[in-house]
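S.K.: Okay, handing you the structure first.
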Amino acid sequence: MERTLSIVKPDGVRKNIIGEVIGRFEKIGLKVAGLKMASLSKKEAEGFYAVHRNRPFFESLTGFMSSGPVVLMVLSGDDAIRKVREIMGATDPKNAKAGTIRKDFADSIEANIVHGSDGPDTAAFEIPYFFSALEIFE
Ligand code: AMP
């Protein structure tokens, strides 16, 4: 059993596809172990993406992530981190494979609908950034 953090980003919420994204995770056998909606402040988005603070896209990315409500979730299951990354598709939707969430719905490398932790260390930082132990159920 493994846990990962996923986010339906502000573009996904605006496009009214919260259920579609969660449904795709459920269809590949993952459990929703924690779930909440939030509107991130710029500071909260900057803390979440602190590893990217020196990248040229940091300002724009954190502005985008604080531009509207998001859905935060903890997904659990066997090989959850890899499975979520596979179903999301490549970061840039132009490179995403057919049938992935980003291929089907994303507009750009920044507005790419969904986030998923990229490894166990990242998940170990990202899950407690948003969820307390009492808010996780699997
Ligand atoms: P990651 O930590 O891999 O999820 O990357 C964080 C997010 O930064 C990605 O999901 C994109 O939304 C954004 N991002 C990554 N690379 C770029 C880029 N070259 N230009 C703009 N946004 C990017």
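The values are calculated or read from the model by the stated rules, or taken from the named source; none is laboratory data. In this text the structure is predicted, and so the values were computed from the model without any measurement. So basically every Cβ, Gly included, is an ideal-geometry build from the backbone, and we count neighbours across all protein chains shown. Calculation scope for accessible area: heavy atoms of the full protein, side chains included, ligands and nucleic acids excluded. Shrake-Rupley method; radii C 1.70, N 1.55, O 1.52, S 1.80 Å.
S.K.: Quick check: residue separation of Lys103 and Asp121 times 0.36 nm, minus the Cα distance between them. What number comes out in nm?
M.R.: Full-extension gain reported as 3.8 nm.
S.K.: Okay, next question. Cα to Cα, under 16 Å, and not fewer than 8 places away if on the same chain: which lysines meet these conditions relative to Lys15?
M.R.: Cross-link targets: Lys103.
S.K.: Based on the mean of other beta carbon atoms within 10 Å per residue, what is the order of 41-49, 86-94, most packed first? Could you put the intermediate results ahead of the total?
M.R.: On the way: 41-49: 15.6, 86-94: 17.3.
Highest-to-lowest ranking by the protection proxy: 86-94, 41-49.
S.K.: So which lysines pass the test for Lys97, namely a Cα distance under 17 Å, with those fewer than 8 places away in the same chain ruled out?
M.R.: Lys83
S.K.: Which far-off residues, 5 or more places away or on another chain, put their amide H under 5 Å from the one on Ala90, with H placed in the peptide plane?
M.R.: Amide H to amide H, under 5 Å and 5 or more residues apart or across chains, Ala90 pairs with Ala96, Lys97.
S.K.: What's the local net charge at Ala80, with K and R +1, D and E -1, over the other residues with C-beta under 9 Å away? Mind dumping the intermediate values first?
M.R.: On the way: positive: Arg3, Lys31, Arg82, Lys83; negative: Glu2, Asp78, Asp79.
Within the 9 Å Cβ shell, the charges total +1.
S.K.: Could I ask something else about it? Accessible area per residue of the chain at 1.4 Å probe, in Å²?
M.R.: It amounts to 51 Å² per residue over the chain.
S.K.: Moving to a separate point now. When the helices in the chain are scored as -39500 (n - 2.57) per DSSP H run of 4 or longer and the sum is shared across all residues, what 222 nm value do you end up with, to the nearest 500 deg cm²/dmol? It would help to have the intermediate numbers written out before the result.
M.R.: On the way: 7 runs with 55 residues, N = 138.
After summing the helix terms and dividing by the residues of the chain, the value is -10500 deg cm²/dmol.
S.K.: Sticking with this structure for a sec: In the range 17-138, what percent of the accessible surface is made up of carbon and sulfur (1.4 Å probe, ligands and nucleic acids excluded)? Present the calculation step by step, with values, prior to reporting the outcome.
M.R.: Values: 3530 of 6370 Å².
Accessible surface attributable to carbon and sulfur in the range 17-138 totals 55 percent.
S.K.: Another question about this same structure. Using Cα springs under 10 Å in a Gaussian network model of the chain, which residue among Phe58, Phe25, Phe105 shows the largest mean-square fluctuation?
M.R.: Phe58
S.K.: Here's a follow-up. If the viscosity is 1.567 mPa s and the temperature 4 °C, what translational diffusion coefficient in µm²/s does Stokes-Einstein give for the chain when Rh comes from Kirkwood over Cα pairs? Each step should come with its number before you reach the end.
M.R.: Details: Rh = 14.9 Å.
It comes out at roughly 87 µm²/s.
S.K.: If you don't mind, another one. Which of Arg55, Arg85, Arg24 moves the most in a Gaussian network model of the chain with Cα springs under 10 Å?
M.R.: Judging by the Gaussian network model, the answer is Arg55.
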